[in-house]
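Structure, as structure tokens:
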Amino acid sequence: MAGLAATFGSGAMTNSIDELTDADVIFVIGSNTPTAHPLVATRLFRARAKGGRVIVVDPRGISLRKQADLYVQHKLGTDAALINGIMYVILKEGWENKAFIESRTEGFDAFRAVVDQYPPERVSQITGVSEQDIRTMAEWYAKAEKASIVYCMGITQHTTGVDNVKSLANLSMLTGQIGRESTGVNPLRGQNNVQGACDMGGLPNVYPGYQPVLNEAVREKFGAAWKAEGWEVSLDQGVGLTIPDMLHALDHGEMRALYVVGENPVMSDPDQHHVEQALAKAELLVVQDIFLTETARMAHVVLPGCSYAEKDGTFSNTERRVQRVRAAVKPVGQSRPDWEIIQDLSNRFGYPMHFESPARIMEEITQVTPQYAGIRFDRLEGEGIAWPCPTLDHPGTRFLHKDKFVKGLGTFFPIEFKPPAETPDPEYPMWLTTGRAHVHYHTGTMTRNSPTLHAQMPDGYVELNPAKAREIGVEPGGSVRLSTRRGSITAAAMVTERVPADTVFVTFHFIEANGNVLTNTALDPIVKIPEFKVCAVRVEAA
Amino acid sequence: MSYQATKTTCPYCGCGCNFYLESVDGRLVGIVPDKSSPVNQGKLCVKGWTAFEFVQSPRRLQTPLIRKNGELVPASWDEALDFVAGGLKKIVKESGPRSVGVFASAKITNEDNYVLQKFARAGIGTNNVDHCARL
Ligand code: SF4
């Protein structure tokens with residue numbers, strides 16, 4: 001998000017999902033699309049059927065490689081070097097889009113000076129990718145009429161996450177593969193409403209619509225919009241804390257109360273023991289969820305929210321499309337829609353709120369959020385509307401940055417390659433990487449309570465290369481212990497060529513073998529994304 | 001018997017596929033993909049096909065719970081909400097609004113998130129609002 005926002009002025013997917021079908025080249029990096037976003041993957045297959053080419057770049061031999069015209073397995077955490085190498089070739093061969101660079105971007109010279117230091121010979125050494133493959137990727141992408149980039153958590157969950165995203169943005173601007181149909185830089189959102197939670201200001205530095213909390217005019221606008229009888233609104237003047245910083249503040253006694261709605265940080269944050277330790281220090285921990293999650297078990301008060309099937313509202317998908325959620329059945333037990341619970345709590349706290357329905361809430365959202373200004377529930381009956389939608393008769397926006405970037409000129413950022421924060425050493429000699437499995441979703445709260453999905457994959461597992469399995473004497477299904485500087489877990493081995501011999505892979509869906517006991521809390525300095533994707537590990541038979 | 005099909009959006013991944021939740025006499029029984037959806041065009045993945053199952057799981061939370069003598073025990077809404085409102089007021093009064101944090105969520109609706117951050121910012125008075133977009 002921060003990476004794209006800095007470059008283009010908006011952190012969202014630039015193009016819509018269906019446009020991928022018509023791309024000539026799709027560059028997929030750090031996204032196990034068939035697993036994490038199956039219905040996006042269908043567009044990749046269709047694009048190929050129409051003669052398009054798919055390039056898949058991933059350190060793990062994900063199943064998508066079988067559908068790729070070119071599959072490239074680079075070393076973990078070397079994304080920025082690889083992309084610099086591709087751009088070096090493009091510049092060397094003169095395949096860049098000079099008119100686009102001239103009229104629509106800034107910062108090119110400083111950027112070029114860095115890229116010039118990444119000839120294929122050097123990049124090949126850093127990344128393990130052959131010089132020929134680097135050249136092929138450069139040629140296909142740059143020469144395509146329409147080329148799209150698709151990426152996911154494999155790019156962002158590094159200490160260099162923001163750099164990686166900026167690198168991809170550089171690549172698109174260098175070749176003018178942005179601001180047109182079937183091009184662009186497209187982050188696929190992991191969870192269903194990540195886009196909406198960001199749009200609605202579920203972030204410490206912005207109000208709804210990405211309006212900065214540090215901007216005084218913006219603050220005044222919200223102060224006025226949120227006035228209520230009998231209450232003096234006094235808005236925080238500074239940027240708030242991110243989740244890792246809040247956990248740190250709890251741990252150090254600077255934060256005393258935490259209200260968690262629909263999140264399960266014990267499972268989803270890196271370094272589970274540290275999270276538990278921080279949460280245990282809260283004087284008041286309130287958790288609102290639909291199940292008694294691992295986090296809820298630690299709470300002082302648990303409030304039963306109801307599920308998507310029992311309430312009205314909207315979700316915004318990964319292509320910015322705002323779509324309706326409709327109640328199909330009554331809430332189970334005494335559970336209630338989250339907005340009602342929060343409103344009731346706010347009234348008891350002293351700040352009056354009187355929304356009658358989600359449709360009324362949306363009306364207030366549209367008054368303070370420019371991107372949503374033209375959205376109303378009755379306009380969402382058919383296919384939904386992709387924002388920006390500035391007026392009541394605006395049809396919504398398929399792709400962003402058409403004639404100019406949201407922020408004006410697009411900015412090239414020079415990006416140097418930095419190795420991952422933790423690399424293997426004699427004590428922890430292998431790479432550990434984490435991710436998700438197709439039948440499960442995030443921390444498993446919903447999917448493990450679904451009998452069909454649970455039956456398909458009841459236990460967590462570790463992916464291990466056959467050579468390594470032989471070396472440590474583990475049979476398929478046998479027990480292995482993984483240890484990092486933060487803790488250790490035991491799980492069954494899934495012996496597979498998907499992972500290289502020096503790497504193991506674990507998922508974070510399962511509490512009994514949760515990969516996040518092991519992962520590293522080293523953070524990207526700008527957006528504070530934990531380095532989930534790589535750390536050093538020791539692997540033994542257990 | 002009363003059969004209903006309600007069009008809605010999948011709760012799992014960011015694709016945002018559309019489907020109809022089928023219910024018989026107020027219980028969910030199945031899912032039919034929406035053929036007119038520009039996102040999924042009549043298709044769903046295995047998660048979408050089964051997205052009704054967890055809704056009526058016996059493990060769903062049925063009532064508010066409050067910790068008493070170390071254990072979470074059922075409580076009324078009034079008791080639970082008054083307890084939380086009172087606790088937050090006391091802490092804000094003693095240590096200021098920044099001593100409270102709020103986790104919003106990528107799983108709840110836009111309207112839920114909007115009301116939550118509004119409560120945090122205009123009610124409690126803190127910008128300590130975040131969700132796991134990063135994760
Ligand atoms: S049906 Fe599958 S691909 Fe579609 S939104 Fe749900 S989880 Fe994602």
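The values are calculated or read from the model by the stated rules, or taken from the named source; none is laboratory data. Quick caveat, the model's predicted, so the values are computed rather than measured. We place every Cβ from the backbone using ideal geometry, glycine too, and count neighbours over all the protein chains shown. Accessible surface areas use protein heavy atoms only, side chains included; no ligands, DNA or RNA. Shrake-Rupley method; radii C 1.70, N 1.55, O 1.52, S 1.80 Å.
How high is the FRET efficiency from A:Ala110 to B:Lys89, r the C-beta distance, R0 30 Å, rounded to 0.05?
Numbers: r = 52 Å, r/R0 = 1.73.
Calculated value: 0.05.
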**Request:** Take A:Lys330, B:Lys47, A:Lys404 and sort them by solvent-accessible surface of the protein heavy atoms, 1.4 Å probe, largest at the top.
**Result:** A:Lys330, A:Lys404, B:Lys47
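Taking a ≥ b ≥ c as the square roots of the eigenvalues of the Cα gyration tensor of chain A, is the shape rounded (a/c under 1.5), prolate (a/b larger than b/c) or oblate?
The shape class here is oblate.
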**Separation of the A:Asp22 and B:Glu71 label points, Cα + 7 Å toward Cβ, nm** = 6.4 nm
**Prompt:** If the chain between A:Glu220 and A:Ala359 were fully stretched, how many nm would it gain, using 0.36 nm times the residue separation less the Cα-Cα distance?
**Reply:** 47.5 nm
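Relative contact order (percent) for chain A, with alpha-carbon contacts under 8 angstrom and 6 or more residues of separation? Mind showing how you got there, number by number?
Working: 1111 pairs, mean separation 94.9, N = 542.
Reported relative contact order: 18 percent.
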**Prompt:** Which longest uninterrupted range of chain A lacks any GluC sites (Glu not before Pro) assigned by DSSP to a loop state (not H, G, I, E or B) and surrounded by at most 12 other Cβ atoms within 10 Å?
**Reply:** A:1-144
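Find how much the distance from A:His248 to A:Arg48 grows on full extension, using 0.36 nm per residue of separation minus their present alpha carbon separation; answer in nm with one decimal.
Details: separation 200, 0.36 × 200 = 72.00 nm, distance 4.73 nm.
Computed gain between A:His248 and A:Arg48 is 67.3 nm.
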**Message:** Going Cα to Cα from B:Lys89, which aspartates and glutamates come in below 14 Å? Please leave out same-chain ones fewer than 8 positions away.
**Reply:** A:Glu283
**Asked** Label B:Val32 and A:Arg376 with points 7 Å out from Cα along Cα→Cβ: what is the distance between them in nm?
**Response** 3.0 nm
**Prompt:** So, with a 1.4 angstrom probe, what is the percent of accessible area on the range A:194-386 that is carbon and sulfur?
**Reply:** 48 percent
**Asked** In degrees between 0 and 90, to the nearest 10, how far off the longest principal axis of chain B does helix B:77-95 point, with axes built from Cα atoms?
**Response** 50 degrees
**Prompt:** By its C-alpha gyration tensor, with a ≥ b ≥ c as the square roots of the eigenvalues, how is the range A:2-188 shaped: rounded for a/c under 1.5, else prolate for a/b larger than b/c, else oblate?
**Reply:** rounded
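Compute the accessible area per residue over the range A:191-236, keeping the other protein chains in place, probe 1.4 Å, unit Å².
On the way: 1830 Å² over 46 residues.
Result: 40 Å² of accessible area for each residue.
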**Request:** Calculate the spin-label point distance for A:Thr496 paired with A:Thr397, positioning each point 7 Å from the Cα along the beta-carbon direction, and give it in nanometres.
**Result:** 3.9 nm
**Asked** Counting pairs of alpha carbon atoms under 8 Å apart in space and at least six apart in sequence, what relative contact order in percent does the range A:2-188 give?
**Response** 33 percent
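Across peptide B:34-40, what mean number of C-beta atoms from other chains lies inside 10 Å of a residue's C-beta?
Numbers: counts 1, 0, 2, 5, 9, 12, 4.
Per-residue shielding by partner chains comes out at 5.
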**Fill in**
With only helices counted (DSSP H, runs n ≥ 4, each -39500 (n - 2.57)), the per-residue ellipticity at 222 nm for chain A, to the nearest 500, works out to -8500 deg cm²/dmol
**Complete:** Over chain B, the sum of -39500 (n - 2.57) across DSSP H runs of at least four, divided by residue number and rounded to 500 deg cm²/dmol, gives at 222 nm -7000 deg cm²/dmol
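The range B:6-101: which GluC sites (Glu not before Pro) are DSSP loop and have at most 11 other beta-carbon atoms within 10 angstrom? Kindly include the intermediate steps, with their values, before the conclusion.
On the way: sites: B:Glu22, B:Glu53, B:Glu71, B:Glu79, B:Glu94; in loops: B:Glu53.
Here no GluC sites (Glu not before Pro) fit, given the DSSP loop and packing criteria.
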**Complete:** For the A:Ser63, A:Lys143 Cβ pair and Förster radius 30 Å, calculated FRET efficiency rounded to 0.05 is 0.60
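Using a 1.4 Å probe on protein heavy atoms only, how many Å² of accessible area do B and A hide from each other, summed over both chains and rounded to 100? Mind showing how you got there, number by number?
On the way: alone 10400 and 23340 Å², together 23000 Å².
Result for this pair: about 10700 Å² buried.
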**Message:** For Cα pairs less than 8 Å apart in space and 6+ apart in sequence, what is the mean separation divided by the residue count of the range A:194-386, i.e. the relative contact order in percent?
**Reply:** 17 percent
